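Down below is the structure, laid out as structure tokens.
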Amino acid sequence: MPTRSPRPRPRTAVTLSALAAGTALLCLPSAATAAPALPRGTAPAADAPALFDDFAYTDSADPALADHGWSVRGGSGGPGVPGAVWDPAQVTFRTAEGSSVLDLETSTAGTPESTRQTEILTRSQKFQNGTYAARVHFSDAPESGPDGDRVVQTFFTINDLKAPMADDYAEYDFEYLPNGGWGEPSSTLFTTSWETYNPEPWEAVNQHSESRTSFAGWHDLVMTIDGGAITYWIDGSVFATHDAAYLPERPMSINFNQWLIDLEGQPDTGPRSYHQQVDYVLHVKDENLTPDQVGAEVEAYRAAGTSFVDEVPAP
């Protein structure tokens, strides 16, 4: 199954300035306070096939999680710290103001052997054009222990790289680095649209935008892909628009993960744990919804008592 491509900060890329500065947000999961949902909008644009998940599960071993098409990653491998493992036990579900949320915990005591990273992804690569949305809680500091690790907190879509520089590779990222990394000294949020890459020697073909500010807290993330552009929205405002040259040729999976770039940001060997939370995820096939329409769609599912639906056909 596809995972995040291991890479440093893109070196061959087209850079755009972020169109909207971020708003400082996050605190930590045990005391997380849910931000208001997106404003109530008009009815969604069309009754297109959709995936919606409110993440109402007990734990990562809940049979419903697999029944609903999710895979919780285990084992080793990139991206992240060589020698670290992906720990399904640290993918949990908490309650934030009465609502169940997905919680990804990434922990370390400053050594590869102590480092635990987390990822959840759809087993199926069946998502391509349309709207992707999630309400995500980023954190700037660990829940406990010394701060400073180069953490990456994400919401992204991806397919597998068939061969180095393959034209049909696709990946679209929201990536938040609370403590910097990839050449950035402090909090930075990237949106990146990938055409392809070569893992060795490293070569990347992508377009990325960034905002160098704290994004700690709850944020409404929306991405739309149509025949002409990829548009990234944060909290109801356009953050970046990327070119048609980076549109996907094949369907993708939907993923959330949290991992460490390296162990150089904080050399302390005291244990610490970082958390990223997700309130819901939504995909509407082949329709570009506005953030208001996303909010209305989520409200409608919740008002009907629907915690999960998947109408998106396999390709």
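This table checks each residue for (1) of a type in the set (A, V, I, L, M); (2) on the phi > 0 side of the Ramachandran plot.
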| position | (1), (2) |
| --- | --- |
| LEU65 | yes, no |
| SER71 | no, no |
| GLY75 | no, yes |
| PRO82 | no, no |
| ASP87 | no, no |
| PHE93 | no, no |
| VAL101 | yes, no |
| SER107 | no, no |
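From ARG116, ARG123, which residue is over 14 Å from VAL278 (Cβ atoms), within 17 Å of the chain's Cα centre (by Cα) and among the basic types (Lys, Arg)?
Details: ARG116 fails: within 17 Å of the chain's Cα centre (by Cα).
Of ARG116, ARG123, the one residue that is over 14 Å from VAL278 (Cβ atoms), within 17 Å of the chain's Cα centre (by Cα) and among the basic types (Lys, Arg) is ARG123.
Within segment 169-185, restricting attention to residues that are small (Gly, Ala, Ser) and over 30 Å from ASP47 (Cα atoms), the residue that is surrounded by the fewest Cβ atoms within 10 Å (Cβ to Cβ) is GLY183.
Look at THR241 and say whether it is in a loop (DSSP other than H, G, I, E, B) and touching a residue at least 40 places away in the same chain (Cβ under 8 Å).
no
Could you say which residue among ALA133, ALA166 is aliphatic (A, V, I, L, M), touching a helix residue (DSSP H, G or I) at 6+ places or on another chain (Cβ under 9 Å) and under 19 Å from MET252 (Cβ atoms)? Give the steps one after another, and end with the answer.
Working: ALA166 fails: touching a helix residue (DSSP H, G or I) at 6+ places or on another chain (Cβ under 9 Å).
Just one listed residue meets the conditions, ALA133.
Looking only at segment 187-194, decide whether some residue is of a type in the set (Val, Ile, Thr), in contact with a Lys or Arg (Cβ under 7 Å, 6 or more places away or on another chain), in a strand (DSSP E or B) and closer than 21 Å to THR157 by Cβ.
Checked segment 187-194: at least one residue is of a type in the set (Val, Ile, Thr), in contact with a Lys or Arg (Cβ under 7 Å, 6 or more places away or on another chain), in a strand (DSSP E or B) and closer than 21 Å to THR157 by Cβ.
Of the residues that sit in segment 152-168 and are free of Cβ contacts under 8 Å to residues at least 60 places away in the same chain and either farther than 20 Å from LYS126 by Cβ or not charged (D, E, K, R) (or both), which one is surrounded by the fewest Cβ atoms within 10 Å (Cβ to Cβ)? Quick ask: steps written out before the conclusion?
Narrowing segment 152-168 to residues free of Cβ contacts under 8 Å to residues at least 60 places away in the same chain: 162-166.
From what is left, the residues that are either farther than 20 Å from LYS126 by Cβ or not charged (D, E, K, R) (or both) are 163-166.
Values: ALA163: 10, PRO164: 13, MET165: 13, ALA166: 16.
Only one residue tops the list, namely ALA163.
Here GLU203 fulfils each of the conditions (1) assigned to a strand (DSSP E or B); (2) of a type in the set (D, E, K, R); (3) more than 22 Å from TYR169 (Cα to Cα) apart from (3).
Does THR118 count as crowded, with 22+ Cβ neighbours inside 10 Å and under 22 Å from LYS285 (Cβ atoms)? Spell out the reasoning first.
Numbers: crowded, with 22+ Cβ neighbours inside 10 Å: yes; under 22 Å from LYS285 (Cβ atoms): no.
No.
For segment 272-315, give me the residue count where each residue is crowded, with 20+ Cβ neighbours inside 10 Å and farther than 19 Å from ASP220 by Cα. Qualifying residue count for the region: 3. Candidates in segment 132-151 are the residues that are in a strand (DSSP E or B) and of a type outside the set (Phe, Trp, Tyr); of these, the one that is surrounded by the fewest Cβ atoms within 10 Å (Cβ to Cβ) is SER144. Taking segment 264-308 as the range and being of a type in the set (Lys, Arg) and over 21 Å from GLN128 (Cβ atoms) as the test, the residues that pass are ARG272, ARG302.
FYI, it's all coordinate maths here, none of it is from the lab. Owing to the predicted nature of the structure, the values given are computational and were not obtained by experimental measurement. Methodologically, a virtual Cβ is constructed for each residue, glycine included, from the backbone with ideal geometry; neighbour enumeration extends over all protein chains shown.
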